[in-house]
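Novice: So that we are looking at the same thing, I have put the structure below in structure tokens.
Read-outs throughout are calculated quantities, based only on the coordinates presented, and are distinct from any laboratory measurement. All figures in this text were calculated on a predicted structure; none of them were measured in a lab. Every residue, glycine among them, receives a Cβ derived from its backbone with ideal geometry; neighbour counts consider all protein chains shown.
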Amino acid sequence: MNTSSVRPPLRIHSAAGLLSVIPHLLGFTPQNSLVVVGVTAAGQVQFAFRYDLPGQPDAGTAPEIVRHALAVLAQKELPVAVVAGYGP
């Protein structure tokens, strides 16, 4: 049994590969969500976070989400983001 807290690196080579690890990054499978994955310039995933999407389209929600996501990425000094939508 491996009791080390260090996780071995996982190489992601495709969009499908990234989509398959998002539930593991979050700890659950997102639904009706927008997921942002923050990545370093060297291509290392640092973290992922998500936003609940409203049941009905709301013109004010998108700019608010973008502003917040950009602020989080800037604070963490992450130059790359991958965004995935889950839902209809």
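Novice: When the chain is fully extended, how far beyond the present Cα-Cα distance does Phe47 get from Val72, taking 0.36 nm per residue of separation?
Specialist: 7.9 nm is the gain from fully extending Phe47 to Val72.
Novice: Rounded to the nearest 500, what is the chain's calculated 222 nm mean residue ellipticity when only DSSP H runs of at least 4 contribute -39500 (n - 2.57) each, over all residues?
Specialist: -10000 deg cm²/dmol
Novice: In degrees between 0 and 90, to the nearest 10, how far off the longest principal axis of the chain does helix 61-75 point, with axes built from Cα atoms?
Specialist: Once rounded, one gets 30 degrees.
Novice: Starting at the first residue of the range 32-46, write each ³J(HN,Hα) from the Karplus equation 6.51 cos²θ - 1.76 cosθ + 1.60 with θ = phi - 60°, in whole Hz, x for Gly and Pro.
Specialist: With the stated coefficients, the range 32-46 comes to 6, 9, 10, 10, 10, 10, x, 10, 6, 4, 7, x, 9, 5, 9 Hz.
Novice: A follow-up question, please. Can you check what the net charge comes to around Val39, using other residues whose Cβ is under 14 Å from the Cβ of Val39 (Lys, Arg +1; Asp, Glu -1)?
Specialist: Cβ neighbours under 14 Å give a net charge of +1.
Novice: Give the peptides 27-36, 67-76 in descending order of average Cβ contacts within 10 Å, highest first.
Specialist: Put in order of decreasing packing, that is 27-36, 67-76.
Novice: What distance in nm separates the two pseudo spin-label positions at Val6 and Val83, each 7 Å out from Cα along the beta-carbon direction?
Specialist: Label at Val6, label at Val83, 3.6 nm between them.
Novice: Where the centre of each part is set by its Cα atoms, how far does the range 62-88 sit from the range 41-61, in angstrom?
Specialist: 5
Novice: Between (1) 41, 26, 18; (2) 29, 28, 24; (3) 49, 27, 24, which matches Cα extents along the principal axes in Å calculated for the structure shown?
Specialist: (3)
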